[in-house]
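Input: a single structure, listed below in structure tokens.
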Amino acid sequence: MSFSPASEAAITVFGLTNKRPPIGQTGKHLTAFATIGRFFIGFFAQVGQLSLFIAETGKAIVRGPFYFRMIGQQIIRIGYLSLPVVALTSFFTGGALAIQIYYGGNQFNSETIVSTIVALGITRELGPVFGGLMLAGRVSAAIAAEIGTMRVTEQIDALTTLSTDPFKYLIAPRVIAATLCMPVLALVADIIGVFGGFVVSTQSFGFNAAIYVQSTVNFLSFDDISSGLIKALMFGFIIATMGCYNGYYSKGGAQGVGRATTNAVVTASILILAANYLMTSLLFSA
Amino acid sequence: MSEKITLSNVHKTFGTKKVLRGVNLSVDEGQSLVVIGGSGSGKSVMLKSILGLLHPEQGSIKIDGTETVGLARNQRQEIDAQMGMLFQNGALFDSLPVWRNVAFQAIQNQGFSEADARDQAVDSLALVGLGPELLDLYPASLSGGMHKRVGLARAIACKPKIIFFDEPTTGLDPIMTDVINHLIRDCVQELGATTLTITHDMTSVRAIADKTALLYKGEIIWHGNAEELAASDDPFLLQFVNGLAEGPIEVEGQQISAAGEGQ
Ligand SMILES: Nc1ncnc2c1ncn2[C@@H]1O[C@H](COP(=O)(O)OP(=O)(O)O)[C@@H](O)[C@H]1O
Ligand SMILES: [Mg+2]
């Protein structure tokens, strides 16, 4: 809350930018410029506010005090309870991938081709990305709704008056839990995704199970898996941060909380895909 | 008596909307001040400014003589520690059972063990006339009156020197209103606290006010003690006290529809 004057200024700027001048008073070109200008001012105000929010969250995470009970609770909610969703997503993705590769390739030497491409695709990209997207839906939304409701029902103000920093008590535990849990979930997604490919290959295409496993193990390197887990770490951070950020600044009753929830899911999903592209190009271009 | 809270020329604006336009107000130590005013006149904004939840862009708010405007949260911990607040809608944490709500400070900031905190919760609930059978209920299952009382118990749990009540009786039946008014009166006497209460309920004013102030259009336009309130012929005050639609006060809804920006 200590950055409130700055962010309030940002909100004020943003708020003002939404006030349109009467149309008759400005020419069409000016209106267009004004619209573009408003968009960019609003955009940069948001970016600035988000940066301050992340800085404040970082401070809370580094300095403590740590609310271990809250962190534990969030690990269960974010990590443990997401296991079924991530496992199912990954299983079906691995299976579908195997089918595509089998019929897409010319079915020549396909035992090794299918197994290696499934393993690479899942560990490097699809496991972490689909896992991240599922959590953006499941976790970002839940966080935004919960914190947004706390905001509009003055529970966050109440926290502050009870001498408790909402960044330390509410936001840090969620960000810590999501950032820690996401790599673990991604690892689960890797294993189950590869297993999905294995099941389809051995059941539908009659592959030899031993050869399939052997070529997966032979081909897959530690870097394939670790690159996916590093991505997942980043995705976990994005998921919790977008949920908390949108919830924290929600206003305007139930409708505002609904808007915050939608924004959280949309922004988290887009940022995950963008961050994935960036990290793929960084990790694999060298 | 020394001044416990002093507001001078406090201004607060949201976007282009001027909510507080130079509030001047003071509360003496141990005194009960009641601020009355119509809905949307900025009463809650004024309280939140004193609590440091909102930041006025102009003016001064002193607590025990210390300037608080412009202080960051971590610079005003000592000040915060002596204040308690009952929010307009209770603002109980709905993820926590009643006892963890009431003993929140004790658990989070004072290092109480769970057992001691629970005992403290029992004591605080007893102060507002509630029994220990409520301890493990969640706020969602409480009635409006219970909600307010648990909020009251949380606000006074740490024996604050200054307590704020934001519309403590709004939305309650007349009997519960009387109960809450008495509780506030008793708590204040028991704790020797300075209090600032917001209400638009005149029975509350008569029950708990040492002094009364009327907030209108972002300014305190009248203040005085109980005799002065009874004797006053201020037209604004009379209209409010008697609850008349006719008079000098512009009713908020009419203003909004005239401006064409109804919410
Ligand atoms: N955080 C906020 N952002 C924008 N406007 C606000 C905010 N808080 C209060 N307001 C506006 O300030 C005015 C006064 O609100 P408030 O102090 O809650 O009124 P009341 O006197 O009924 O407690 C209202 O018109 C409200 O819309
Ligand atoms: Mg109010």
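The values are calculated or read from the model by the stated rules, or taken from the named source; none is laboratory data. The model shown is predicted, which means the values in this text are computed figures rather than measured ones. Reconstructed Cβ throughout: ideal geometry from the backbone, glycine too, with neighbour counts over all protein chains shown. These accessible areas exclude ligands, DNA and RNA; they are computed on the full protein's heavy atoms, side chains included. Shrake-Rupley method; radii C 1.70, N 1.55, O 1.52, S 1.80 Å.
Couple of notes before you dig in:
- Between 0 and 90°, nearest 10: helix A:141-152 axis offset from chain A longest Cα axis: 10 degrees
- Share antiparallel - DSSP beta bridges, the protein assembly as shown, percent rounded to 5: 55 percent
- The length gained on full extension between A:ALA32 and A:SER204, counted as 0.36 nm times the residue separation minus their Cα-Cα distance, comes to 56.1 nm.
- Each residue of the stretch B:26-43 was assigned a 3J(HN,Hα) from its phi angle through the Karplus curve 6.51 cos²θ - 1.76 cosθ + 1.60 (θ = phi - 60°); the sequence is 9, 10, 7, 4, x, 9, 10, 9, 10, 9, 10, x, x, 4, x, 7, x, 5 Hz, with glycine and proline shown as x.
- Distance from the alpha carbon centroid of the stretch A:60-88 to that of the stretch A:224-247 works out to 13 angstrom.
- The aspartates and glutamates whose alpha-carbon is closer than 15 Å to the alpha-carbon of A:LYS168, local same-chain residues fewer than 8 away aside, are A:GLU56, A:ASP157.
- Charge dipole (debye, nearest 20) of chain B; +1 at Cβ of Lys and Arg, -1 at Cβ of Asp and Glu: 620 debye
- In Hz, Karplus ³J(HN,Hα) per residue of the stretch A:49-58 (6.51, -1.76, 1.60; θ = phi - 60°; x = Gly, Pro): 5, 5, 4, 4, 4, 5, 4, 5, 4, x
- The Cα center of the stretch A:43-59 and the Cα center of the stretch A:179-218 differ in position by 39 Å.
- Take the Cα of A:SER51, step 7 Å toward its Cβ, do the same at A:TYR103, and the gap between the two points is 5.0 nm.
- Cα-centre dipole for the stretch A:64-283 with unit charges at Cβ (Lys and Arg positive, Asp and Glu negative), debye to 20: 460 debye
- The ellipsoid that matches the Cα gyration tensor of the stretch A:128-282 has semi-axes, each √(5λ) in whole angstrom, of 39, 15, 13, with the longest given first.
- Here the sum of -39500 (n - 2.57) over DSSP H runs of 4 or more residues, divided by the residues of the protein assembly as shown, equals -18500 deg cm²/dmol at 222 nm, to the nearest 500.
- DSSP-defined antiparallel bridges as percent of all bridges, the stretch B:3-217, nearest 5: 50 percent
- Shape class for the stretch B:15-148, computed from the alpha carbon gyration tensor (a ≥ b ≥ c): prolate, with a/c not under 1.5 and a/b above b/c.
- For chain B, the direction-averaged projected area of the alpha-carbon convex hull comes to 14.8 nm².
- Accessible surface of chain A, 1.4 Å probe: 72 percent of it comes from carbon and sulfur atoms.
- Alpha-carbon radius of gyration plus Dmax, which is the widest Cα pair, for the stretch A:127-187 in Å: 13.9, 43
- Electrostatic bookkeeping for B:LEU47 treats Lys and Arg as +1 and Asp and Glu as -1; over the other residues with beta carbon under 13 Å from its beta carbon, the sum is -1.
- Degrees separating the helix B:144-156 axis from the principal Cα axis of chain B, which is the longest one: 80 degrees
- Gained length - A:SER226 relative to A:ARG69, 0.36 nm times residue gap less alpha-carbon distance: 53.6 nm
- Per-residue ³J(HN,Hα) for the stretch B:197-208, Karplus 6.51 cos²θ - 1.76 cosθ + 1.60, θ = phi - 60°, Hz, x for Gly and Pro: 10, 10, 7, 10, 10, 5, 5, 5, 4, 5, 6, 10
- Convex hull volume of the C-alpha atoms in the stretch A:54-108, normalised per residue: 131 Å³.
- Taking N as its residue count, the alpha carbon Rg of the protein assembly as shown over 2.2 N^0.38 Å: 1.20
- Inter-part distance where the stretch A:127-177 and the stretch B:108-150 are each reduced to a Cα centre, Å: 25 Å
- When chain A is treated as a Gaussian network with alpha carbon springs shorter than 10 Å, the biggest mean-square fluctuation among A:THR161, A:THR116, A:THR262 belongs to A:THR161.
- Residue with peak Gaussian network fluctuation, chain A [Cα springs, cutoff 10 Å], from A:TYR248, A:TYR212, A:TYR103: A:TYR103
- Net lengthening on full extension, A:SER281/A:LYS59 (0.36 nm per residue, minus Cα-Cα): 76.9 nm
- Cβ-Cβ FRET estimate between A:ALA274 and B:SER143, R0 fixed at 45 Å, reported to 0.05: 0.40
- Per-bin percent of Cα-Cα distances, chain A [5 Å]: 1, 6, 11, 13, 14, 12, 11, 9, 7, 6, 5, 3, 2, 0, 0, 0
- Crossing angle, helix A:110-120 versus chain A [Cα axis fit, 0-90 degrees, rounded to tens]: 20 degrees
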